[in-house]
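The values are calculated or read from the model by the stated rules, or taken from the named source; none is laboratory data. None of the values given here were measured: they were computed from a predicted structure. Quick reminder, even Gly has a Cβ in these numbers, built from the backbone with ideal geometry, and neighbours come from all protein chains shown.
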Amino acid sequence: MKKIAILGSTGSIGTQTLEVVRENGDLEVLGLAAGNNIKLLEEQIREFHPKVAAVWTEEKAKELRENIKDLDVKVVSGMEGLIEVSVLPESEILVTAIVGMIGIRPTIEAIKAGKDIALANKETLVTAGHIIMPLAKERNVAILPVDSEHSAIFQSLQGSPKRALHKILLTASGGPFRGRKREQLEHIQVEDALKHPNWEMGRKITIDSSTMVNKGLEVIEAKWLFDVDIDQVEVVVQPQSIIHSMVEYVDGAIIAQLGTPDMKLPIQYALYYPDRRFLPGDRLDFSALSQITFEKPDLETFIGLRLAFEAGKAGGSLPTVFNAANELAVSKFLNRRIQYLEIPEIIETCMRNHKNIINPTVEEILQTEQEVYEQIESRW
């Protein structure tokens with residue numbers, strides 16, 4: 001029986017992780033953490049019987065304690081609560097499905113406690129990869145990617161030496177606005193940007209996919225996960241989302257991972273690595289597949305992707321600026337306080353105004369995030 005804990009259990013990745021638990025009989029959930037959706041969290045607690053549950057505010061924690069007072073479950077709150085769930089003594093692997101830089105500290109503490117990490121929190125490596133990856137190596141902890149693309153790369157690298165890797169081909173669907181030019185995006189509304197053609201995801205990541213900022217975050221994440229230079233990561237638009245990513249080796253061979261768009265595959269692969277388990281669901285039918293097409297990304301229209309490459313090459317605290325500016329800009333767009341095209345404009349303005357810190361500490365990363373938020377709030 002493998003024992004796990006989940007940060008972000010009520011979100012898209014978290015709920016699908018629990019589906020994987022439900023479909024297998026040998027995973028035990030010891031800890032759950034959520035933001036403020038205590039109704040769903042209560043349902044999860046009653047089904048999976050964790051030892052500890054965390055919510056962000058103490059107010060919500062008190063409400064949850066009252067709602068589940070008939071159960072023997074400890075309810076905690078805040079950052080301390082997230083960390084408590086992350087370092088539960090009996091757990092073996094932590095699924096980090098929480099959104100945002102809030103995931104940095106719990107991930108660090110989990111690694112220090114010797115937990116393997118099933119990583120679905122991009123921001124952790126984007127902003128603190130220079131801290132996370134050396135620490136994981138030092139503590140002999142596995143960082144197992146849950147993102148569809150990074151899992152595909154990870155799978156395509158199995159059995160080959162690191163020195164044989166030449167290039168990572170990171171695929172992108174292109175999102176709902178693939179093929180449009182910048183002037184055609186001026187009047188995009190929230191509802192338009194939330195219509196992803198292939199994947200069902202949370203609201204924030206769906207907006208990020210539409211701007212291709214999400215792919216930019218994945219480029220930076222790939223740099224740290226697979227120990228490559230930014231120049232070794234190439235984005236390839238593959239609209240059908242059949243090829244989830246590819247690896248090119250030094251001899252010119254390309255290995256790809258293909259499948260239907262189902263996040264439960266990378267989740268399950270991370271939880272059971274190196275084993276593979278049967279997974280219910282649709283299978284790829286090549287006889288019904290008419291074509292798989294490829295395009296270059298449009299860096300003039302999707303400025304966010306270009307800015308991600310710039311931030312990734314510069315390193316230091318600039319990826320934190322990129323990420324933090326995007327987080328707040330997307331939140332403002334979802335709340336209808338800015339226009340769609342202002343998202344990349346805000347990111348670029350914040351990056352241009354930042355004095356890069358070459359090797360930032362966690363405190364400097366979080367301080368940079370706060371400074372970016374203050375800058376945006378003062379101007380938008």
Top-ranked residue in the stretch 101-114 [being of a type outside the set (A, V, I, L, M) and buried (at least 23 other Cβ atoms within 10 Å of the Cβ); ranked as nearest to the chain's Cα centre (by Cα)]: GLY103
Residues satisfying the stated conditions in the stretch 1-43, i.e. part of a loop (DSSP other than H, G, I, E, B), buried (at least 22 other Cβ atoms within 10 Å of the Cβ) and aliphatic (A, V, I, L, M): ALA34
Test: GLN291 is at pLDDT 95 or above, over 23 Å from the mean Cα position of the chain (by Cα) and either in a helix (DSSP H, G or I) or outside the structural domain of VAL20 (by TED's automatic domain parsing) (or both): no
Residue identified as out of contact with any helix residue (DSSP H, G or I) (no Cβ under 6 Å at 6 or more places or on another chain) and either in a helix (DSSP H, G or I) or modelled with pLDDT under 95 (or both) among ASP285, ASP227: ASP285
Residue within the stretch 47-70 that is assigned by TED's automatic domain parsing to the domain that holds VAL126, within 26 Å of THR320 (Cβ to Cβ) and in a loop (DSSP other than H, G, I, E, B) present: yes
Hits in the stretch 230-240 (condition: assigned to a loop (DSSP other than H, G, I, E, B) and surrounded by fewer than 19 Cβ atoms within 10 Å (Cβ to Cβ)): GLN240
From THR206, THR107, residue being of a type in the set (Ser, Thr, Tyr), in contact with a helix residue (DSSP H, G or I) (Cβ under 6 Å, 6 or more places away or on another chain) and assigned to a helix (DSSP H, G or I): THR107
Qualifying position, being touching a strand residue (DSSP E or B) at 6+ places or on another chain (Cβ under 7 Å), among the small types (Gly, Ala, Ser) and either free of Cβ contacts under 8 Å to residues at least 12 places away in the same chain or surrounded by 15 or more Cβ atoms within 10 Å (Cβ to Cβ) (or both), among ALA172, ALA193: ALA172
Looking only at the stretch 350-380, and only at residues there that are over 24 Å from the mean Cα position of the chain (by Cα) and in a helix (DSSP H, G or I), the one that is surrounded by the most Cβ atoms within 10 Å (Cβ to Cβ): GLN375
LEU299 free of Cβ contacts under 8 Å to residues at least 12 places away in the same chain, in contact with a Leu (Cβ under 8 Å, 6 or more places away or on another chain), among the hydrophobic types (A, V, I, L, M, F, W, C) and closer than 30 Å to GLN375 by Cα: yes
Tally of residues being among the aliphatic types (A, V, I, L, M) and not in a helix (DSSP H, G or I) across the stretch 337-349: 2
Condition broken by ILE102, with the remaining ones in (1) of a type in the set (Val, Ile, Thr); (2) part of a helix (DSSP H, G or I); (3) in contact (Cβ under 8 Å) with a residue 24 or more places away in the chain satisfied: (3)
Criterion (surrounded by fewer than 21 Cβ atoms within 10 Å (Cβ to Cβ), free of Cβ contacts under 8 Å to residues at least 24 places away in the same chain and more than 25 Å from LEU27 (Cβ to Cβ)) met by exactly one of GLU63, GLU138: GLU138
Yes/no for THR171 being not assigned by TED's automatic domain parsing to the domain that holds ILE243 and not hydrophobic (A, V, I, L, M, F, W, C): no
Within the stretch 153-197, tally of residues that are within 17 Å of the chain's Cα centre (by Cα) and either modelled with pLDDT of 95 or more or among the polar types (S, T, N, Q) (or both): 6
Evaluation of THR57 against (1) more than 18 Å from LEU30 (Cα to Cα); (2) free of Cβ contacts under 8 Å to residues at least 40 places away in the same chain; (3) under 21 Å from the mean Cα position of the chain (by Cα) (one fails), failing number: (3)
In the stretch 296-334, the residues that are polar (S, T, N, Q) and either buried (at least 21 other Cβ atoms within 10 Å of the Cβ) or under 19 Å from GLU186 (Cβ atoms) (or both): THR301, SER317, THR320, ASN323, ASN326
Inter-residue pairs, beta-carbon under 6 Å, first within 12 Å of ILE255 (Cα to Cα) and in the stretch 154-168, second surrounded by 10 or more Cβ atoms within 10 Å (Cβ to Cβ) and small (Gly, Ala, Ser), 6+ apart: ILE168/ALA222
